[in-house]
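To keep things clear, I will list the structure first and then write my remarks on it.
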Amino acid sequence: MTLWLVRLAWASLPLTAGPAAGDALAGWSTPPRTLAEVLLWAAWVTSLVALLAPHPIGLTVVRVVAPAFVVLAAVVAATQSADAARVVVALVATVVATVLVIALPAVSFACVNGVAYGDERRYPLRTPPVLWLGPLAVAPLLLGAGGAAGPLLLADGRIVTGTIALVVGFLVAALAARSLHSLSRRWAVLVPAGLVLVDAMTLPDPVLFQRERILSLQAAPRRVPPPAGALDLRLGARGGSMTMTLDRPTEMLQTRRGLGSAATAHPSVLCFATVYQAELLATAAARRIRVNV
């Protein structure tokens with residue numbers, strides 16, 4: 001039901017925000033206005049398809065398009081005064097739809113499970129909080145601006161400026177898309193053999209922890225620091241924290257942040273943070289993984 005609420009909010013945007021967008025583009029010359037309308041419709045349709053047919057790539061798409069739409073709605077609100085009611089409705093509707101898309105874990109949960117194999121159950125890892133203050137706020141705007149600026153300038157007849165913007169913008173957009181998509185491919189996976197952690201930000205390769213090796217899997221209090229010697233993979237996230245205790249130290253590679261390399265670690269306790277913590281624990285217990293409540 002939560003996911004359908006998100007879909008309904010997004011599907012309603014042409015009715016709630018479309019008129020204000022049309023007013024904002026009314027003063028543009030025909031070629032760039034037509035292209036802008038095509039780009040807006042394409043972004044909306046692509047995001048709607050991503051919500052209706054969940055997939056990790058779709059998660060990246062909605063995480064780009066939704067914030068970009070909020071910025072566009074804010075620009076329209078700041079520059080258009082002909083019909084204040086339309087502008088307010090457009091801004092409120094876009095903000096609500098974006099908050100639902102980005103903040104509700106149902107979207108990320110559905111998307112990562114869209115490519116699950118067989119008896120897998122995937123749980124997205126929590127996004128590091130520090131990223132919300134920088135890259136996650138800037139990357140969607142860079143991607144949107146980088147992909148649209150060049151074509152719009154060319155459509156307006158500005159050949160030199162448009163060509164430069166097209167080349168530079170596409171390079172910037174490609175880098176931003178790659179960074180954002182890496183956040184869409186972080187998850188803990190319950191498989192028949194045990195639990196797998198997939199997170200290139202902390203582990204260069206996926207790591208399988210066999211059921212027989214897991215002594216306990218439990219929720220960790222938000223404000224309690226991890227046990228001494230534990231490998232903390234949460235990257236600052238606290239909500240949905242989990243502690244997994246193994247029967248002996250286990251060798252694995254840990255990504256060295258900022259250095260582009262990896263170091264060997266031998267933890268017997270690991271900490272990670274996921275969405276739907278309670279469901280993960282219940283499903284793990286049903287799969288005969290030792291769970292401490």
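The values are calculated or read from the model by the stated rules, or taken from the named source; none is laboratory data. What you see is a predicted model, and the numbers here were worked out from it, not measured in a lab. In this analysis, Cβ positions are derived from the backbone assuming ideal geometry, glycine residues included, and neighbour counts consider all displayed protein chains. To get the accessible areas, we keep the full protein, side chains included, count just its heavy atoms, and leave off ligands, DNA and RNA. Shrake-Rupley method; radii C 1.70, N 1.55, O 1.52, S 1.80 Å.
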(message) Exactly one condition in (1) part of a helix (DSSP H, G or I); (2) in contact (Cβ under 8 Å) with a residue 60 or more places away in the chain; (3) of a type outside the set (D, E, K, R) is false for residue 76; which is it?
(response) (2)
(request) Give just the number: which of (1) open to solvent by 30 Å² or more (accessible area, probe 1.4 Å); (2) part of a helix (DSSP H, G or I); (3) of a type outside the set (Lys, Arg) does residue 54 not satisfy? (result) (2)
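Listed here are the residues, each with its yes/no results for (1) part of a strand (DSSP E or B); (2) more than 15 Å from residue 281 (Cα to Cα); (3) touching a strand residue (DSSP E or B) at 6+ places or on another chain (Cβ under 8 Å).
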residue	(1), (2), (3)
188	yes, no, yes
203	no, yes, yes
217	yes, no, yes
221	no, no, yes
226	no, yes, yes
235	no, yes, no
248	no, yes, no
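Give me a count of the residues in the range 115-138 that are of a type outside the set (Gly, Ala, Ser) and assigned to a helix (DSSP H, G or I).
7
To keep it simple, each residue is scored yes or no on (1) touching a helix residue (DSSP H, G or I) at 6+ places or on another chain (Cβ under 8 Å); (2) under 22 Å from residue 37 (Cα atoms); (3) of a type in the set (Asp, Glu).
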residue: 107; (1), (2), (3): yes, no, no
residue: 110; (1), (2), (3): yes, no, no
residue: 115; (1), (2), (3): yes, no, no
residue: 130; (1), (2), (3): no, no, no
residue: 137; (1), (2), (3): yes, no, no
residue: 141; (1), (2), (3): yes, yes, no
residue: 149; (1), (2), (3): yes, yes, no
residue: 157; (1), (2), (3): yes, yes, no
residue: 161; (1), (2), (3): yes, yes, no
(request) For the range 81-91, name all the residues that are in contact (Cβ under 8 Å) with a residue 60 or more places away in the chain and surrounded by fewer than 19 Cβ atoms within 10 Å (Cβ to Cβ). (result) 83, 89
(request) Could you tell me whether any residue of the range 238-246 is open to solvent by less than 30 Å² (accessible area, probe 1.4 Å), in contact (Cβ under 8 Å) with a residue 60 or more places away in the chain and under 24 Å from the mean Cα position of the chain (by Cα)? (result) yes
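Could you count how many residues in the range 1-51 are touching a Lys or Arg at 6+ places or on another chain (Cβ under 6 Å) and open to solvent by 30 Å² or more (accessible area, probe 1.4 Å)?
Number satisfying all stated conditions: 1.
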(message) Restricting to the range 122-160, name every residue that is open to solvent by less than 70 Å² (accessible area, probe 1.4 Å), more than 22 Å from residue 40 (Cα to Cα) and either among the small types (Gly, Ala, Ser) or modelled with pLDDT of 80 or more (or both).
(response) 122, 123, 124, 125, 127, 128, 129, 134
(message) Against the definition (surrounded by 15 or more Cβ atoms within 10 Å (Cβ to Cβ) and in a loop (DSSP other than H, G, I, E, B)), how does residue 98 come out, yes or no?
(response) no
